[in-house]
Amino acid sequence: MKHLISPLDLSVEETEEILTLAEDIARDPKKYSHVCQGKKLATLFYEPSTRTRLSFEAAMLNLGGSVLGFASGDNSSASKGESVADTIRVVSGYADIAAMRHPKEGAALVASLNSSIPVINAGDGGHQHPTQTLTDLLTIHSLKGRLDHLTIGLCGDLKFGRTVHSLISALVRYPDIRFVLISPEELRIPAYIRKEVLQQNQVEFIETEDLEEAMPELDILYMTRVQKERFFNEEDYIRLKDKYILDTAKMKLAKEDMLVLHPLPRVNEISVEVDKDPRAAYFKQAQFGVYARMALIMKFLEVEVC
Ligand code: NCD
């Protein structure tokens, strides 16, 4: 039985299998509409979510399965003091697979150690978000045709942004990937990503505060929201939240085939006028999230099209 806690729980080959399956699902979703009949997905969400939870649920429903779960810790027994370990032990008897989002780093790992069904980390605090990464890889592969030979700009809250940590960890495994890490000094990527992921894999990267200067060389620009809920004080959040706003003037500096990605939700970091630009791919990306999760559920439940 497999769990997905970090993107590295999937080998490059397994990741590729999931992306290939997801691309086939995107082409012909009807073919897959009954493969998970009789199977149940539990969504255990202790932290707010729109896309991740709903796309997981849509994915399982599209496969002919059913869903059960909760959308906030407040309306589960967590509010009575139940541990994640006890909850997953019980849910293992109610469902075939579980997706968990939790504000604490490591919560999904704890769940996986106490579970008899596959556990998928749907975001653990400021740590990792591996299914967003599958979504991002699928978007890049589908729209760019490759996952190698790319210069990727990651902009915004690189400190607390779990989608950034997972995406970097997954992409360093492909040839000729360069990162331009654009953030204010206070929101630079954590030291463990810089040392254990980037430097250890001898991946080229630069850290800068200057988005405009970085624009012309990027193949992908991955914008992120400043993660308000992870700040210890409101003043710092207010000072940093609008540091980067991608607008049409900045888009003029970019390559004609650059893609703008964002895991969403967006606050102010991409001005709505950019939505009309053909290079803006973030709403397509949200749709790819359903296909990526359909493929992942199929792989983990070991179901195939007959
Ligand atoms: C992200 C998350 O929850 O980490 N959202 C998502 O899953 N699409 C990004 C964010 O909340 O800023």
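Nothing in this text is a laboratory measurement; each read-out follows from the coordinates by a stated rule. None of these values were measured; they are calculated from a predicted model. Reconstructed Cβ throughout: ideal geometry from the backbone, glycine too, with neighbour counts over all protein chains shown.
Couple of notes before you dig in:
- Helix 51-62 and the longest principal axis of the C-alpha atoms of the chain enclose an angle of approximately 50°.
- If you plug the beta carbon distance of LYS104 and LYS195 into 1/(1 + (r/R0)^6) with R0 = 35 Å, you get a FRET efficiency near 0.90.
- Residue pairs, from the table LYS159/LYS243; LYS228/LYS255; LYS144/LYS255; LYS255/LYS276; LYS243/LYS284, whose Cα atoms sit over 21 Å apart: LYS228/LYS255; LYS243/LYS284
- Model label points for LEU113 and THR248, set 7 angstrom from Cα along the Cα-to-Cβ axis, are 5.4 nm apart.
- Length gained when the stretch ASP74-ARG279 is fully extended (0.36 nm per residue, less Cα-Cα span): 69.9 nm
- Long-range amide H partners of GLY69 with built H, under 5 Å: THR43
- The calculated FRET efficiency for LYS228 paired with CYS306, based on their beta-carbon distance and R0 = 35 Å, is about 0.15.
- Degrees separating the helix 12-27 axis from the principal Cα axis of the chain, which is the longest one: 80 degrees
- Under the simplified labelling scheme, the SER83-GLU217 pair shows an inter-label distance of 4.9 nm, with each label point 7 Å from Cα along Cα→Cβ.
- Cα centroid of the stretch 117-133 to Cα centroid of the stretch 158-191, whole Å: 16 Å
- Applied to the stretch 230-238, the Karplus parametrisation 6.51 cos²θ - 1.76 cosθ + 1.60 on θ = phi - 60° returns per-residue 3J(HN,Hα) values of 9, 7, 8, 9, 5, 4, 4, 4, 4 Hz, with x for Gly and Pro.
- Point-to-point label distance, THR50-SER33, nm (Cα→Cβ direction, 7 Å offset): 2.8 nm
- Rounded tilt (10° steps) of 282-300 against the dominant C-alpha axis of the chain: 40 degrees
- Alpha carbon centroid spacing (whole Å) that separates the stretch 44-97 from the stretch 192-253: 31 Å
- Under 22 Å from the Cα of LYS2 - lysines, other chains or at least 8 residues apart: LYS39, LYS40, LYS104, LYS299
- For LEU4, distant residues with modelled amide H under 5 Å away: VAL119, ILE120, ASN121
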